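K.L.:
I am attaching a structure below and will ask some questions about it afterwards.
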Amino acid sequence: MPTKKIIIANLKMNLSLSQTASLARKFKNKFTAFNKGEVVICPATLALCRMAEILKGSRLKLGAQNVFWEENGPYTGETSVSSLAEIGCQYVILGHSERRMHLLENYEMIHKKVAAVVKSEKLTPIVCLGENWKERKTDRRDFVLVEQLWQALSGIDIFGDQQIIIAYEPIWAIGTGTAIKPDEAEYAHKIIKLALNDMFGMQVVSKNFRIIYGGSINPKNVKGFTDLENMDGLLVGGASLKAEEFYKVVKEITK
Ligand code: PGA
């Protein structure tokens, strides 16, 4: 498994095109001398090309927030894996809870997307999963996590060095300003790892998988997440909209 932590900025649909370009320039300046971790920026689809141009020559990598499972054809409004790869994308977020909720992405759709991305060997999928408040309150978190993993990944063959990132994002912590307790994240990551070991075997899991946390991470609370055993990085929403804040998060987690 790569030992460097990975920190992924999910800009969602928060910024206009010009605001995204301006943020990209700020990121590029801030991160010029940075070489400790792997940093990925995921802007809205329409901003990807512009972002790719701006980030050229930097260590910052580009990711998309969604992709379609077919390579081409009559799929109005969709984007293919190849076209993302063509503009320099290396990562893609899949199955984010906001898409599950607002776009009604279901298990089958997410599975098809993960399968298409893995098969293409062109992008690294960032597969999001996590329980909602009710599931947590009724002690169903572990079951929900394992179920979501199985639904997304069962039957998928992993070849060579193909990387897969699992982002544990408790839905009830996203965008609230309050992250979960680090030891709860560590526990959930352990459950995820055990389930992955069951599905793919320990060797594949340690070589091909990383498990990261997402949900209201900011420069203040990130400290608690730095030394966790099963924490390979972070998925950051709100705090990635300001270059300074995001930089602080990245610096802290990669210390
Ligand atoms: P947040 O978003 O950091 O604003 O909670 C994280 C995410 O949804 O990926």
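K.L.:
Let me know the shape class of the stretch 129-255, please: from the alpha-carbon gyration tensor, a ≥ b ≥ c as square roots of the eigenvalues, rounded when a/c is under 1.5, otherwise prolate if a/b is greater than b/c, or oblate.
P.N.:
Oblate, since a/c reaches 1.5 and b/c is not below a/b.
K.L.:
In nm, to one decimal, how far is the Ser154 label point from the Asn132 one, both placed 7 Å along Cα→Cβ?
P.N.:
So the label points at Ser154 and Asn132 sit 2.2 nm apart.
K.L.:
Moving on. What ranking do 48-59, 84-95 get when scored by the average of other Cβ atoms within 10 Å per residue, highest first? Walk me through the numbers before you get to the answer.
P.N.:
Working: 48-59: 16.6, 84-95: 21.1.
Answer by packing, highest mean first, reads 84-95, 48-59.
K.L.:
Name the shape class, rounded, prolate or oblate, that the alpha-carbon gyration tensor gives for the stretch 1-80, where a ≥ b ≥ c are the square roots of its eigenvalues, rounded holds for a/c under 1.5, and otherwise prolate holds if a/b is larger than b/c and oblate otherwise. Mind dumping the intermediate values first?
P.N.:
Numbers: a/c = 2.41, a/b = 1.46, b/c = 1.66.
Oblate shape, in that a/c is at least 1.5 and b/c is the bigger or equal ratio.
K.L.:
Among Pro74, Leu46, Leu241, whose Cα sits farthest toward the positive end of the charge dipole of the stretch 6-253 (+1 at Cβ of Lys/Arg, -1 at Cβ of Asp/Glu, about the Cα centre)?
P.N.:
Leu241
K.L.:
Determine the calculated [θ] at 222 nm for the chain from helices alone, applying -39500 (n - 2.57) to every DSSP H run no shorter than 4 residues and normalising by the residue count; nearest 500 deg cm²/dmol.
P.N.:
Value at 222 nm, helices only: -12000 deg cm²/dmol.
K.L.:
Please work out the FRET efficiency for the pair Ser82 and Lys4, using the Cβ-Cβ distance as r and a Förster radius of 35 Å; give the result to the nearest 0.05. Don't jump to the answer; show the numbers that get you there.
P.N.:
Working: r = 27 Å, r/R0 = 0.78.
Given R0 = 35 Å and the Cβ-Cβ separation, E is 0.80.
K.L.:
Tell me the label-point distance for the pair Asp183, Lys119, using the 7 Å Cα-to-Cβ offset, in nm and rounded to one decimal.
P.N.:
Distance between label points: 4.5 nm.
K.L.:
Among rounded, prolate and oblate, which fits the chain when a ≥ b ≥ c are the square roots of the eigenvalues of its C-alpha gyration tensor, a/c under 1.5 means rounded, and a/b larger than b/c means prolate? Walk me through the numbers before you get to the answer.
P.N.:
Numbers: a/c = 1.40, a/b = 1.10, b/c = 1.28.
The shape class here is rounded.
K.L.:
So, one more: Report, to two decimal places, the Cα Rg of the stretch 182-255 normalised by 2.2 N^0.38 Å (N = number of residues). If you can, show how the numbers build up before the last one.
P.N.:
Working: Rg = 13.4 Å, N = 74, 2.2 N^0.38 = 11.3 Å.
Ratio of Rg to 2.2 N^0.38 Å for the stretch 182-255: 1.19.
K.L.:
Expressed as a fraction of 2.2 N^0.38 Å, the rule-of-thumb size for a compact globular protein of N residues, what is the C-alpha radius of gyration of the stretch 45-164? Mind dumping the intermediate values first?
P.N.:
Values: Rg = 15.5 Å, N = 120, 2.2 N^0.38 = 13.6 Å.
This ratio for the stretch 45-164 stands at 1.14.
K.L.:
When the dipole is taken about the Cα centre of the stretch 93-211, and only Lys, Arg (+1) and Asp, Glu (-1) are charged at their Cβ, what size is it in debye, to the nearest 20? Mind dumping the intermediate values first?
P.N.:
Working: 16 positive and 16 negative charges, 31 e Å.
Here the stretch 93-211 has a charge dipole of around 160 debye.
K.L.:
So, in Å, what gap is there between the alpha-carbon centers of the stretch 177-234 and the stretch 12-77?
P.N.:
Cα centroid of the stretch 177-234 versus Cα centroid of the stretch 12-77: 24 Å apart.
K.L.:
Further question on the same structure: Using the Cα centre of the stretch 143-212 as the reference point, and only Cβ charges (+1 on K/R, -1 on D/E), how large is the resulting charge dipole? Debye, rounded to the nearest 20. Could you put the intermediate results ahead of the total?
P.N.:
On the way: 5 positive and 8 negative charges, 25 e Å.
For this selection, approximately 120 debye.
K.L.:
Determine which residues of the stretch 77-115 fall in the zone a paramagnetic label at Asp198 would reach in this model, i.e. backbone nitrogen under 20 Å from the point 7 Å along Cα→Cβ.
P.N.:
107-108, 111
K.L.:
Using unit Cβ charges (K, R positive; D, E negative) and no other charged atoms, how large, in debye to the nearest 20, is the dipole of the stretch 1-96 about its Cα centre?
P.N.:
The dipole magnitude comes to about 800 debye.
Bear in mind these aren't lab numbers, they're just calculated from the coordinates by the rules spelled out. Since the structure is predicted, the reported quantities are computational estimates derived from the model, not experimental observations. We place every Cβ from the backbone using ideal geometry, glycine too, and count neighbours over all the protein chains shown.
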